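The values are calculated or read from the model by the stated rules, or taken from the named source; none is laboratory data. These numbers come from a predicted model, not from an experiment. Cβ coordinates were reconstructed from backbone atoms using ideal geometry, including for glycine residues, and neighbour counts include every protein chain displayed.
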Amino acid sequence: MEEKGNFSGYDRKLEFSDWRFSAAAVGIIRYLKYHKLNYSTEYNGRSDVLLYNFDDIDISKNEEKYYDFAEEYFKDKMHHKRLENLLNSEDFDEEKVKNLKSFWNTIMKNIFKNDEISIKNKDKILLKISDNKLELIKKTFEGAKSMYSKFCNPSCMGKEKQKICRLLGYYVDQGRKTKSLSFNWDYNTYVYEDYCEFDYIPFAFSKGDSSFFINNNFSTDMLLKSNDYLTDKNLDLDEKNSVGIFKNFKLNLFFTTKNVSRFLDYEVEIISKNMQIKNGKKENKEYFETMFLRNSAIRIFEKISNIKDDNIFKAINSPCKLRTDEYEPILDEVIDCILYTKYLDYLIDKLLRDGSKGKNKDNKENKIDNHSFLISQLIRINQKIYEGVDIMVNNKKEKEQLEKEEKQMNFNLFNARESAEKVVFKLKDTPRKIDAYRNKLISCLTFKDYEKFSVTLLQLSSYSSVTFDFAYYLFKDFEKNKNVAYTFVNALRVKEDNNKNGNNENK
């Protein structure tokens, strides 16, 4: 909350009563630091406050300063800055100009519509940028989907305290919904909070399609350190990782131990503002989302981060295309399941069914990936979630028992995959029989008919003359060993090479 008065020489005090005031404080501090203006983070022995002078942040009096900072904070997304950099670079060429212009917004097109972008016109273009700089920054900052309009209603930009909160998700159209806002259709009972300081919230969030704010508000110093980390070059979206794919901000935020340990060593609230794909186009969600990161989730993230290979990260980095031509947001669902200790069973079931042979929605032959690699990595993550409660145990004997069980589980997972491969090899001349058994097993998993799954497994073992050592543990406790069943079914598939000439089907 904001309070007016005299606080050690400052006329405003901001307390972190909820995430909005915490985010406003971070944005204001970054702004004040940039312009070398005074502020304090201590008052009467407290270190979880921000003291400042309102005249320093009043946009009506500091418009140029505000937009100057906005340009600096979002410099990679400012079209005129990109144009400046290109004109000043040594590798200027027409193709890059054409590519740059394809992303221009309306204000850029209007200002430079009669200008040829070339080296010979460099001085003229740079002068024009300088003359129109404030307008370029203002229109871009307020209108871009990744800047102000992602977080706040642009019509409230720079205005005094409003009757409706300017933040998206809190804002409503007064002309249409005033009566329905409050108790008994009486607007006088409506309670709202809006402050000019909320115009600084966009500077508190990380940049990218998914923007994050860590509400680590035990102290102002901790709040700043946690969120300064989110602007670290380690999370640069343009950087490629060891498997040659562009780093995903959310992936890197949660799944890299050296990053996680900086702020995820205790339970903390994380606010996110995300984009979604709607009708084939990217658009901002109209609300903020809250994630509460608990200790159990932190341990699971750390365990996954410590896995030596990059296969998990390679698999979940991108959405998965289904036979319906829709995309499954794998990373979002994985993170959601870990945060709230939900098993990935439903997602694995869905991908197993989708990966089976069939037609797509246009009744054409299914050419979509069978998701085998993705499923195998989801099973690895799912197993860590299954172990989630156990990994918090501190008793020595219990730890030894858990280590023994983990070793047995790893063997069972290996044996399930190996057994499935043996079955496929033994029945390579009857691929339809393999598909039939696989579809039966998938149906059993989908409908949680574990008894029928066990019976079908025994029938397959008898038919193929392959011994399933892992089956004992499934019969003993199917739920606990469900990932073993998933591993077996996922590996029980005929590879394309084996089925090219497979005309000798089961009769």
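If you go through the stretch 282-299 one residue at a time, do you hit one that is part of a helix (DSSP H, G or I), among the aliphatic types (A, V, I, L, M) and modelled with pLDDT of 85 or more? Working first, answer last.
Restricting attention to the stretch 282-299, the residues satisfying the condition of being part of a helix (DSSP H, G or I) are 295-299.
Right, trim to among the aliphatic types (A, V, I, L, M) and you get 297-298.
Add one more test, that the residue is modelled with pLDDT of 85 or more, and what stays is 297.
Yes, the stretch 282-299 has at least one match.
Can ASN62 be described as more than 33 Å from the chain's Cα centre (by Cα) and not small (Gly, Ala, Ser)? Let's see the steps before the verdict.
Values: more than 33 Å from the chain's Cα centre (by Cα): yes; not small (Gly, Ala, Ser): yes.
It is true that ASN62 is more than 33 Å from the chain's Cα centre (by Cα) and not small (Gly, Ala, Ser).
Somewhere in the stretch 366-387, is a residue modelled with pLDDT of 95 or more, in contact with a Ser or Thr (Cβ under 6 Å, 6 or more places away or on another chain) and among the aliphatic types (A, V, I, L, M)? Checked against the condition, which is being modelled with pLDDT of 95 or more, in contact with a Ser or Thr (Cβ under 6 Å, 6 or more places away or on another chain) and among the aliphatic types (A, V, I, L, M), the stretch 366-387 yields at least one hit.
Being of a type in the set (A, V, I, L, M, F, W, C), in contact with a helix residue (DSSP H, G or I) (Cβ under 7 Å, 6 or more places away or on another chain) and modelled with pLDDT of 95 or more: is that true of PHE54 here?
Numbers: of a type in the set (A, V, I, L, M, F, W, C): yes; in contact with a helix residue (DSSP H, G or I) (Cβ under 7 Å, 6 or more places away or on another chain): no; modelled with pLDDT of 95 or more: yes.
Considered against the rule, which asks whether it is of a type in the set (A, V, I, L, M, F, W, C), in contact with a helix residue (DSSP H, G or I) (Cβ under 7 Å, 6 or more places away or on another chain) and modelled with pLDDT of 95 or more, PHE54 comes out as no.
Picking from LEU136, LEU127, which residue would you name as being surrounded by fewer than 18 Cβ atoms within 10 Å (Cβ to Cβ) and either outside the structural domain of LYS36 (by TED's automatic domain parsing) or not polar (S, T, N, Q) (or both)? Testing whether each residue is surrounded by fewer than 18 Cβ atoms within 10 Å (Cβ to Cβ) and either outside the structural domain of LYS36 (by TED's automatic domain parsing) or not polar (S, T, N, Q) (or both) leaves just LEU127. Taking the stated definitions as given, is PHE103 surrounded by 13 or more Cβ atoms within 10 Å (Cβ to Cβ), hydrophobic (A, V, I, L, M, F, W, C), under 17 Å from LYS139 (Cα atoms) and without any contact (Cβ under 8 Å) to a residue 60 or more places away in the chain? Judged against the criteria, PHE103 is not a match. Taking the criterion of being in contact (Cβ under 8 Å) with a residue 12 or more places away in the chain, part of a loop (DSSP other than H, G, I, E, B) and surrounded by fewer than 14 Cβ atoms within 10 Å (Cβ to Cβ), the only residue of the stretch 51-95 that qualifies is SER60. Name the single residue, out of those in the stretch 106-123 being of a type in the set (D, E, K, R) and surrounded by 11 or more Cβ atoms within 10 Å (Cβ to Cβ), that is nearest to the chain's Cα centre (by Cα). Top of the filtered list is LYS109.
Among the candidates LEU168, LEU223, single out the residue that is assigned by TED's automatic domain parsing to the domain that holds LYS13, at pLDDT 90 or above, of a type in the set (A, V, I, L, M) and under 21 Å from the mean Cα position of the chain (by Cα). Write out each step before concluding.
Values: LEU223 fails: assigned by TED's automatic domain parsing to the domain that holds LYS13.
When all the criteria are applied, what remains is LEU168.
On the stretch given as the stretch 2-17, residues that are outside any strand (DSSP E or B) and within 20 Å of ASN216 (Cβ to Cβ) total 2.
Here is the figure for the stretch 124-165: residues that are at pLDDT 95 or above, under 14 Å from ASP199 (Cβ atoms) and over 33 Å from the mean Cα position of the chain (by Cα) total 0.
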